[in-house]
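The next block holds one structure in the form of structure tokens; read it before the comments.
None of the figures in this text is laboratory data; all of them are computed from the coordinates on show. As the structure is a prediction and not an experimental result, all values here were calculated from the model. No Cβ is skipped: glycine too gets one built from the backbone with ideal geometry, and neighbour counts run over all protein chains shown.
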Amino acid sequence: MLTSDLLITRRRGPYLEPRYIDPTAPSIIDLAADIIHIFSAHQGQTRRDLHTALDTRAGDATDYRVQRGLAKLLADDRCEFRIHSAVEPVELRERIFSLARENHPIVREPDVIYPVTRDHILDQVALEHHTSTEEIANSLYADLSDNHILDHFDTPDPAWILHRYNVALAQAMFYRCARMRISVHRNLPVRYKQLFKFIKFFRLIHDIRGDRDAGYEIVLDGPVSMFRLSQKYGLQMSVFLPALLLCTRWKMEAEIALKDGSTGTFVLDEHHNLISHYKDQAVYDSLLEETFAARFEKAKTDWQLERETELINLKDTVFIPDFAFSHPDGRTALLEIVGFWHPDYLRRKLDKLRRAARKDLVVAVSRDLNVQEDDFKNIPGHVFFFKNRIQPKDVIERLNTIRPEDCVRD
């Protein structure tokens, strides 16, 4: 993600937009290639050396914010840094400072009264750890960010980082978003389902109206509309944008709060040629779901697990269960996992479960949540509580009680 100071915008009347770069411009391609080369050439060197080389490359250039933005994205997405130290740095500092205190004062030029120097201390610690004095000196502050070693750089094509940069500019616009309105239409059903799963995954407050045939109108509350956790929520809205880019026909309008108290409108649609770096068809929303799916596949049962669940239209929103099941005898079932607690989230979740009115629904509720069994007493279907993980046998037990007539909505 780009930080706010790296966002470059322009205003045209009531409309705001980032200053996108042209990924096909030779000068921009050369800039990206130069930065990529600097990263590649500094594998095995410190982060400080890398930053120094990047600063030298920037010089007095007027495009320094573009370079800094490209460099940040490469550092975040393509680099692996490590701490290179013969001894754990904190432990090393504690030992050196302890010896220095015992031999205080430590001097540069030893004499009869003050014979101990810094090198004497480092030599002593090097002997204790069976390594060289130089290695001890280099390890002393190896855990500081500037001293981290660029262990691996996954070299991208210049086109990748340039498209990634344009998306990052658009993402940064949502840090001060008050509300986002999205229209999606004439997409394949799987696209709608994927989009709604991302909304659910990023825990965005939403209102959804429409259907598959006419398309959907979606309103997402932005971080500026919240009383707390706005910074974290702003990041969640920003990382949602690449999911929207996976749709084929869509339009987005966002209300952006400006620092002077005014507002501007940020508009995007499929014609802006922003390319998502997300993969289509995210498989699991959490490790809990992934673990359950793996364990269920090994269970002895005739029920088959299906990751692609149906989308249940509730008129003003949609309900997408986490898993679907099918049985050779024709029965079907759904599983919804309630593992995240927030008063508003829980209220919405319970409302959706009641309105869905599915007797073929199994609901697994985490015992870590601040809820009671009475909270789910009016939920159609089968509800059970789990502690740390969902046991397949607990789900299968309830699946087996589902009757053929339960598989059709009343």
Filtered hits (aspartates and glutamates, Cα-Cα < 13 Å from K352, offset >= 8 within chain) -> D207, D316, E336, D344
To the nearest 20 debye, segment 122-175 has a Cα-centred charge dipole, built from +1 on Lys and Arg Cβ and -1 on Asp and Glu Cβ, of 460
Cα-based Rg then Dmax for segment 89-141, in Å, read 10.9, 32
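Only sites in a loop by DSSP and with at most 13 other Cβ atoms within 10 Å count here; which trypsin sites (Lys or Arg not before Pro) in segment 40-126 make the cut? Kindly include the intermediate steps, with their values, before the conclusion.
Details: sites: R47, R48, R57, R65, R68, K72, R78, R82, R93, R95, R101, R108, R118; in loops: R108.
Filter output for segment 40-126: R108.
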Along segment 162-167, Karplus-curve 3J(HN,Hα) (6.51, -1.76, 1.60; θ = phi - 60°) to the nearest Hz, with x for Gly and Pro, reads 5, 5, 4, 5, 4, 5
Here the net charge surrounding I402, from other residues whose Cβ is less than 13 Å away from its Cβ (Lys, Arg +1; Asp, Glu -1), is -1
Mean separation of Cα contacts under 8 Å (at least 6 apart) over the residue count of segment 287-407, i.e. the relative contact order in percent, is 25
For segment 1-137, whose charge dipole is built from +1 on Lys and Arg Cβ atoms and -1 on Asp and Glu Cβ atoms, the candidate among C79, A61, P14 with its Cα farthest towards the positive end is P14
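By counting other Cβ atoms within 10 Å of each Cβ, how are I113, I8 ranked from fewest to most?
I113, I8
Can you tell me the convex hull volume per residue for segment 287-407, based on C-alpha atoms, in Å³ to the nearest whole number? Display every interim value, and only then the final one.
Numbers: hull volume 12.7 nm³, N = 121.
Each residue corresponds to 105 Å³ of Cα convex hull volume.
Run the dipole for segment 287-407 about the Cα centre, Lys and Arg Cβ at +1, Asp and Glu Cβ at -1, nothing else charged, and hand back the magnitude in debye, nearest 20. Before the final figure, lay out the partial values.
Values: 21 positive and 22 negative charges, 44 e Å.
Roughly 220 debye for segment 287-407.
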Going residue by residue through segment 44-53, the Karplus relation 6.51 cos²θ - 1.76 cosθ + 1.60 with θ = phi - 60° gives ³J(HN,Hα) values, rounded to whole Hz and with x marking Gly or Pro, of x, 10, 7, 4, 4, 4, 5, 5, 4, 5
In Å, the Kirkwood estimate of hydrodynamic radius for the chain over Cα pairs equals 25.7
Answer in debye to the nearest 20: the dipole magnitude of the chain about its Cα centre, from +1 Lys/Arg and -1 Asp/Glu charges placed on Cβ, is 1860
Of the listed links K232/K279; K197/K387; K193/K377; K251/K359; K232/K393; K197/K259, those spanning more than 31 angstrom between alpha carbons are K251/K359; K232/K393; K197/K259
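As an exercise, use a Förster radius of 22 Å and the Cβ-Cβ distance of N103 and A137 to find the FRET efficiency, rounded to the nearest 0.05.
Details: r = 17 Å, r/R0 = 0.79.
So the FRET efficiency works out to roughly 0.80.
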